[in-house]
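The values are calculated or read from the model by the stated rules, or taken from the named source; none is laboratory data. Bear in mind the structure is a predicted one, so any value in this text is a computation, not a measurement. Neighbour counts run over all protein chains shown; Cβ positions are idealised from the backbone, glycine included.
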Amino acid sequence: MAQNNIQVPFGYEPPIDSRKGILVYYDTFEHVSDEELDQVVELMKGMSFKKLVLYPLHESTAKRMSKEPVRPYYKRLDFLHDWRRSIDAADVAIEGLEGKRKKYTPIDSALRHLTETYGKPLFLLLSPETASLFAGYESFEPWITRIRLLLTSGPSSSQMHPMLVKYAHRWNVVGEPVGETD
């Protein structure tokens, strides 16, 4: 069996990877524009994430989470693939789990799949509405200690779930300095 020996100078230490974690954008992508997706890529680069994973929700998942109608999954997926081809980014992935399942996927199953596939630490980018819905689920409390939430905008006090208030130290609004939440 051949061994590949590598010679390095005395005292050599491998460079430390300054990039951290995986940014997952969990959304229906019904009302997201190209410019907003470009801003998310800039956020990923600005915060030194290893990879951006776009996680589009299936219609049945979106219907269970909110009553807002959404376009068919394949149309939203085609939009994301077209956008990804236009920017030609190797560090942007589009997760197709919900397309394979073709049915409702609970958020805890999705998060379990994402951590197994892409590794840790996991940063979840959500709209304030989706974050409040997630905070209302039983699985929120075990997951919030393992992931970090980033909200696309500041939630209004009327839509903020009590669990989001309780775990305010585990989420930030994009664009605000870390540690400053309302």
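So which of 179, 99 ends up being in a loop (DSSP other than H, G, I, E, B) and either of a type in the set (A, V, I, L, M, F, W, C) or at pLDDT below 85 (or both)?
179
Under 17 Å from residue 148 (Cβ atoms) and assigned to a loop (DSSP other than H, G, I, E, B) - does that describe any residue in the range 15-27?
Within the range 15-27, one or more residues are under 17 Å from residue 148 (Cβ atoms) and assigned to a loop (DSSP other than H, G, I, E, B).
Given the residues 132, 139, 127, which is the only one that is touching a residue at least 60 places away in the same chain (Cβ under 8 Å) and among the polar types (S, T, N, Q)?
On the way: 132 fails: touching a residue at least 60 places away in the same chain (Cβ under 8 Å); 139 fails: touching a residue at least 60 places away in the same chain (Cβ under 8 Å).
Exactly one of 132, 139, 127 is touching a residue at least 60 places away in the same chain (Cβ under 8 Å) and among the polar types (S, T, N, Q), namely 127.
Residue 3 fails exactly one of the following numbered conditions: (1) touching a residue at least 12 places away in the same chain (Cβ under 8 Å); (2) out of contact with any Lys or Arg (no Cβ under 9 Å at 6 or more places or on another chain). What is the number of that condition?
In the conditions (1) touching a residue at least 12 places away in the same chain (Cβ under 8 Å); (2) out of contact with any Lys or Arg (no Cβ under 9 Å at 6 or more places or on another chain), residue 3 misses (1) alone.
So residue 51 passes all but one of these: (1) assigned to a helix (DSSP H, G or I); (2) surrounded by 15 or more Cβ atoms within 10 Å (Cβ to Cβ); (3) within 16 Å of the chain's Cα centre (by Cα); (4) among the charged types (D, E, K, R). Which condition number does it fail?
Condition (1) is where residue 51 drops out.
Kindly establish whether residue 118 is aromatic (Phe, Trp, Tyr), surrounded by fewer than 18 Cβ atoms within 10 Å (Cβ to Cβ) and farther than 20 Å from residue 47 by Cβ.
When the stated conditions are applied, residue 118 does not pass them.
Restrict the check to the range 159-167 and report whether at least one residue is closer than 21 Å to residue 21 by Cα and modelled with pLDDT of 90 or more.
Restricting attention to the range 159-167, the residues satisfying the condition of being closer than 21 Å to residue 21 by Cα are 167.
Checking the rest, the ones that are also modelled with pLDDT of 90 or more come to none.
Looking through the range 159-167, none of the residues is closer than 21 Å to residue 21 by Cα and modelled with pLDDT of 90 or more.
In the list 71, 64, 76, 112, which residue meets the criterion of being of a type outside the set (Ser, Thr, Tyr) and free of Cβ contacts under 8 Å to residues at least 12 places away in the same chain?
Exactly one of 71, 64, 76, 112 is of a type outside the set (Ser, Thr, Tyr) and free of Cβ contacts under 8 Å to residues at least 12 places away in the same chain, namely 112.
Pick from the range 77-115 the residues that are surrounded by fewer than 18 Cβ atoms within 10 Å (Cβ to Cβ) and among the polar types (S, T, N, Q): which of them is farthest from residue 59 (Cα to Cα)?
By that ranking, first place goes to 86.
So which residues in the range 81-97 are out of contact with any helix residue (DSSP H, G or I) (no Cβ under 6 Å at 6 or more places or on another chain) and within 23 Å of residue 66 (Cβ to Cβ)?
Of all residues in the range 81-97, those out of contact with any helix residue (DSSP H, G or I) (no Cβ under 6 Å at 6 or more places or on another chain) come to 81-82, 84-91, 93, 95-96.
Answer for the range 81-97, where residues must be out of contact with any helix residue (DSSP H, G or I) (no Cβ under 6 Å at 6 or more places or on another chain) and within 23 Å of residue 66 (Cβ to Cβ): 95, 96.
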